[in-house]
Amino acid sequence: VKREVQLKNSNANSKQRAAELLVISNLQKRLLSSIEAFHRTLGVHIKTLRKREAGEKLQTTKDLNQLKILKFGIDGNDERADDNEEIVEIEAQNQHRIALSTTGLSAGAEEWKLLNQMYKISEKARYQADARINYLKIWIKKNLCPDIGQKGARWNNERLLIFTEYADTKRWLKSQIESLIADSDLEELRIATFHGGIGDEQRETLKRSFNSSPNVNPLRILIATDAAREGVNLQNHCRYLFHFDIPWNPGRMEQRNGRIDRTLQRSPEVYCHYFVLKNRDEDRVLDVLVKKTEEIRNSLGSLP
């Protein structure tokens with residue numbers, strides 16, 4: 001991803017430079033979310049460059065809807081959170097193609113070598129657990145299921161809400177957690193996902209299940225995309241939330257926290273967690289988000 005930044009065309013116009021920045025940031029955001037999300041988008045990136053080198057005519061940002069991509073970003077339209085996630089995924093892939101086609105970027109021999117290396121590395125690692133999964137295993141054992149890993153392990157009455165931005169990451173995360181809780185008591189009923197396009201009936205069923213008494217309903221872990229960040233109250237029996245990835249809009253982060261940090265929360269304290277990549281100085285995303293949130297707090301006087 002770093003090397004891609006060096007491919008910028010110094011003679012590019014403002015629209016091309018905006019597209020270049022969008023392409024790079026989209027790959028970065030997906031890499032910070034999960035290797036699976038990055039791998040799938042990198043595949044789209046490589047295929048688009050190959051088509052360009054083969055002389056195929058690629059779609060560019062000529063109409064108004066396509067130009068909006070450069071203004072608001074890929075996956076940046078808050079109104080799409082409730083849409084069918086398969087359709088949103090396809091749109092996001094198309095948006096990356098359009099943005100890349102608009103840049104005029106090309107790849108030389110060294111760049112192709114690096115792109116192919118990245119693709120091979122991500123292909124190998126895309127299904128593996130990462131440090132966040134390892135942490136969640138320890139956390140779930142401590143807070144939800146003390147005997148996790150043992151056959152028939154019993155669950156306590158705590159619940160956990162996990163947010164992620166991308167459908168790719170959501171599917172991978174669900175698979176990883178299912179592996180963590182395998183062989184526990186009622187394992188197939190302990191985890192569910194909340195995402196766009198599930199329909200009003202399933203949406204309400206999930207809300208009722210997560211808000212009902214843990215003595216009655218076995219659901220303990222809900223993985224949600226930003227389809228749940230507004231208008232979905234989940235505070236009845238849940239005081240723990242994890243941001244598996246960090247939305248680059250601090251307002252989204254506050255909206256996610258508001259699912260459990262709200263009136264009628266039974267616990268005197270709620271715990272909203274996020275992961276810090278403390279071993280890499282270049283990962284400044286979290287620092288910037290914290291500063292932006294503080295600026296909002298100082299301007300408005302308070303935040304949830």
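The values are calculated or read from the model by the stated rules, or taken from the named source; none is laboratory data. What you see is a predicted model; the values in this text were computed from it and never measured. In this analysis, Cβ positions are derived from the backbone assuming ideal geometry, glycine residues included, and neighbour counts consider all displayed protein chains. Ligands, DNA and RNA are stripped out before the accessible areas are found, and what is left, the full protein with its side chains, is counted by its heavy atoms. Shrake-Rupley method; radii C 1.70, N 1.55, O 1.52, S 1.80 Å.
Determine how large the accessible area of Arg229 is when every protein chain is in place; take a 1.4 Å probe and give Å² rounded to the nearest 10.
10
For Phe242, list long-range residues whose amide hydrogen, built 1.01 Å from N in the peptide plane, is under 5 Å from its own amide hydrogen.
Correct list: Leu161, Ile162, Phe163, His273.
Quick one: Karplus J couplings for region 41-52, per residue in order, coefficients 6.51, -1.76, 1.60, θ = phi - 60°, nearest Hz, x for Gly and Pro?
So the J values, rounded to whole Hz, are 6, 4, x, 5, 4, 5, 4, 5, 5, 5, 5, 5.
If R₀ is 35 angstrom, what is the calculated FRET efficiency for the pair Ile46 and Glu295, using the beta carbon separation as r and rounding to 0.05?
It comes to 0.40.
Let me cross-check Val288: its accessible surface, 1.4 Å probe, with only protein heavy atoms counted, in Å² to the nearest 10?
50
Can you pull the accessible area of Tyr135 for me, 1.4 Å probe, Å² to the nearest 10?
110
For region 289-301, take each phi angle, set θ = phi - 60°, evaluate the Karplus expression 6.51 cos²θ - 1.76 cosθ + 1.60, and give the result in whole Hz per residue in order, putting x for glycine and proline.
5, 4, 5, 5, 4, 5, 5, 5, 4, 5, 6, 9, x
Roughly to the nearest percent, how much of the accessible area of region 156-269 is carbon and sulfur, given a 1.4 Å probe?
Ligands and nucleic acids excluded, carbon and sulfur give 44 percent.
Test of the criteria: in region 150-200, which trypsin sites (Lys or Arg not before Pro) are in a DSSP loop and have at most 13 other Cβ atoms within 10 angstrom of their Cβ?
Working: sites: Lys151, Arg154, Arg159, Lys170, Arg171, Lys174, Arg190; in loops: Lys151, Arg154, Arg159, Arg190.
Those that pass, being in a loop and sparsely packed, are Lys151, Arg154.
Pairs Lys47/Lys278; Lys15/Lys174; Lys15/Lys51; Lys170/Lys207; Lys174/Lys292; Lys207/Lys291: which exceed 29 Å Cα-Cα? Let's see the in-between values first.
Numbers: Lys47/Lys278 33 Å; Lys15/Lys174 38 Å; Lys15/Lys51 21 Å; Lys170/Lys207 18 Å; Lys174/Lys292 31 Å; Lys207/Lys291 33 Å.
Check vs 29 Å cut-off fails for Lys47/Lys278; Lys15/Lys174; Lys174/Lys292; Lys207/Lys291.
Averaged per residue, what accessible area in Å² does region 160-230 show with a 1.4 Å probe, protein chains only?
Each residue of region 160-230 exposes 37 Å² on average to a 1.4 Å probe.
How much FRET efficiency would the formula 1/(1 + (r/R0)^6) give for Ala129 and Glu91, where r is the Cβ-Cβ distance and R0 is 25 Å, rounded to 0.05?
Efficiency at R0 = 25 Å is approximately 0.25.
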